[in-house]
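This report refers to the structure that appears directly beneath it.
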Amino acid sequence: MKIARVLAREILASGGMPSVEVKVTLDSGAVGVASVSYGASAGSKEAAVLHDWDKHRYGGKGMLKAVDNVNNILSQVVVGMDAEDQRAIDETLIREDGTEKKSNLGANAILGVSMATARATAISQNLALHQYLQKVFNIPLPAEKTGGKLRLPKPMAVLIEGGKHADNSTDLQEYILAVTREQAAKKNVQMMEEIYQALKNILKRDGRSINVGNEGAFAPEGIADNELPIKYIVQAIGEAGYEAGVDAGVALDAAASEFYKDGKYELKTENKILSASELMDMYLAWQDQYPLVSWEDMFSEFDWDYWAKFKVKSKIPVVADDLTVTNVALLQKAINHKVADAILIKLNQAGTVTETVDCCLLANQHNFLTIPSHRGGGETNDTFLVDLAVAVGSQWIKVGPTRGERVCKYNRLMEIEEQLN
Ligand code: PGA
Ligand code: ZN
C-alpha cells in the first residue's frame, strides 16, 4: 500500500486563528484527514510551529508556508512510500526538515502528514486507529494491570482556568477534575459533565462569573486566591452526588514557567512574590487538605532543582509537560533525575506520530503515567489523541469539558467503548 497523494490546506483552530489540515490518499483509495493543534503556553523546547509572519494576514500567524511545505516539499518525498511503514515515513519527514525543532518546514506541516498517513492506513486496513497504532508500533498491552484488556482512559477535565488561558483569573493555569473511578468511560464522562454543571451553579450562587476561558473551563474574575478553585471543585463533586477522593479529585497544572521571573514565582492575583521553597510549602499544605490527584508543571521548566525536591515530598504523581514536551531525550533526563512520575503527551510538541509513540513507550517502560492532552490556544476537531491514549494504555486524557473541539474527544472515547463492546 503506497501513498498516492498528499494535500494540505489552511483551516481555523479553536481560537479563530489558522492551523494546518492534511489529507493523505493511498493507492488503495483510502483517505486519511488530520489537523494539527498548538498551545497558548507552549514549552520553550517544543517542536516549532511555522507561521508566515506576513503581517497582512492574521497578524502574522497565517500557516500558508506550512501548507506550501506539505504540498510542494513533503508530498514529493513521501508519495510512493509504503504507507504501512509509519516509522520510515516519519524518519523521512524529519530528515527532509533537517533541524532539531522542525523549524525549517514546521512541525505543523510534518505532523499533519504523519497523522493523516496513519489514519489513512488504518482505514485501508479496516482497523480502528487505536488498533492500527498498536499493530504498527508493536505496542505491548499492559496486561498485568488490565487483565489483557484495553484500558480506556479516564477524563481529566479542566474546570477552572487562569494563567495564559483567561484574563483576570488565577495565576495557576488549570484546576482540573480528575476522575478516579474505574468504570465505563461513558459513566465517567457523564460524571465529569455533571460535576461541571454543579460547579456552574456554585459559582453563580457565589456571585461569580461563569464565563469560560480557552478550554471551556470557567474563568471567574477577581478570585485573588489560588487555593479557592480547589475548594469549589471539591464542593462541586459533592453537590453532583459523588464522593471527592473516591470518584474524582483535583489535579493542578500551574504552568509555572509562565509566572517564573528571575528565580522567583510571581502570584499577581495575590500580590505575592514567592521563592521556590515558599511556593513548595504552599503546594505541600494543599496536598494534606484536599483530595488532590496529580500536579503538573508546578515549577518552571528551568527549575529542575525544585522539581526534584518537590517530587521527594509529593504524595501524588508529578506530571511533566513544559519540562519534557513529549521529547524522548527530555523524558529520559526526567527519569534519570527523578523529577516526575508522569508525562503529558501532546502530538504537536513532538511533531511526528512515531516520536510521540516512542515517548509513551519509554514512559510505560519506566512506569510513568502517560496523559495525552488537548492544547489551550489552537485546538482542532481532530481526535487522534484519544486513539493514541487507548493504544498506549494511558490512565487519563486531559481535555476540556465543553466546546466542540473538546467534546469531540469525549465523543470519540465513548464511540471506541461502544465499538469494543
Ligand atoms: P497549552 O496549555 O496547550 O496552552 O500549552 C495546556 C497545558 O499546559 O497543559
Ligand atoms: Zn500543562
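Applying both filters, DSSP loop and at most 13 other Cβ atoms within 10 Å, to the GluC sites (Glu not before Pro) of region 148-209 gives GLU182.
In order along region 296-313, the Karplus-derived 3J(HN,Hα) couplings, from 6.51 cos²θ - 1.76 cosθ + 1.60 at θ = phi - 60°, round to 10, 6, 6, 10, 5, 5, 9, 10, 4, 3, 6, 4, 5, 4, 5, 4, 4, 8 Hz, and Gly and Pro are given as x. To the nearest 10 degrees, how steep is helix 86-97 against the longest Cα principal axis of the chain, on a 0 to 90 scale? Around 90 degrees separate the two axes.
Of the beta bridges in region 183-308, as assigned by DSSP with both residues counted there, near 55 percent are antiparallel. Bridge orientation summary for the chain: considering DSSP beta bridges with both residues in this region, about 65 percent are antiparallel.
Only Cα sites of region 110-179 enter the Debye sum here, all with the same form factor; the resulting log10 I(q)/I(0) across q = 0.19, 0.28 1/Å is -0.86, -1.12, listed in q order. Treating the angle as unsigned and between 0 and 90°, give the value, to the nearest 10°, between the Cα long axis of helix 353-365 and the longest Cα principal axis of the chain. Approximately 50 degrees, to the nearest ten. Loop-located trypsin sites (Lys or Arg not before Pro) in region 358-421 (DSSP state not H, G, I, E or B) with no more than 16 neighbouring Cβ atoms inside 10 Å: ARG403.
Distance from the Cα centre of region 322-379 to that of region 147-172, in angstrom? For region 322-379 versus region 147-172, the Cα centre distance is 16 Å.
With one equal scatterer per alpha carbon and no solvent term, the Debye-computed log10 I(q)/I(0) for region 191-312 at 0.11, 0.19 1/Å reads -0.42, -1.13. Can you list residues from other chains, or at least 5 along the same chain, whose modelled amide H is less than 5 Å from the amide H of LEU292? Answer set, sorted by chain and number: VAL250.
Seen from a random direction on average, the alpha-carbon convex hull of the chain projects onto 19.2 square nanometres.
Each of ASP206, ASP85 has some number of other Cβ atoms within 10 Å of its Cβ, and from fewest to most they run ASP206, ASP85.
Under a Gaussian network description of the chain, with springs only between Cα atoms under 10 Å, the residue in SER294, SER169, SER28 that fluctuates furthest is SER28.
Oblate is the label for region 1-160, because a/c, from the alpha-carbon gyration tensor with a ≥ b ≥ c as root eigenvalues, is 1.5 or above and a/b does not exceed b/c.
Name the most mobile residue of MET282, MET298, MET192, meaning the one with the largest mean-square fluctuation, in a Gaussian network model of the chain with Cα contacts below 10 Å. Looking only at MET282, MET298, MET192, the biggest GNM fluctuation is shown by MET282. Applying the criteria of a DSSP loop state and at most 14 other Cβ atoms within 10 Å to the trypsin sites (Lys or Arg not before Pro) of region 174-238 yields ARG181. Largest GNM mean-square fluctuation among LEU279, LEU228, LEU267, using the chain with Cα springs under 10 Å: LEU228. Here is how the number arises for the chain: DSSP H runs of 4 or more residues each give -39500 (n - 2.57), the sum is divided by the residue count, and the result at 222 nm is -11500 deg cm²/dmol.
Neighbour counts of other Cβ atoms within 10 Å put SER277, SER103 in the fewest-to-most order SER277, SER103.
Against the longest principal axis of the chain, how steep is helix 185-205, in degrees 0 to 90 to the nearest 10, with axes from Cα atoms? The angle comes out near 40 degrees.
Applying a threshold of 25 Å to the alpha-carbon distances of LYS164/LYS346; LYS2/LYS398; LYS186/LYS398; LYS268/LYS333 flags LYS2/LYS398; LYS268/LYS333 as lying beyond it.
Each reported figure results from applying straightforward, stated rules to the coordinates on display, with no laboratory input. All values reported here derive from a predicted model rather than from experimental measurement. Note that we place each Cβ from the backbone using ideal geometry, even for glycine, and neighbour counts take in every protein chain shown.
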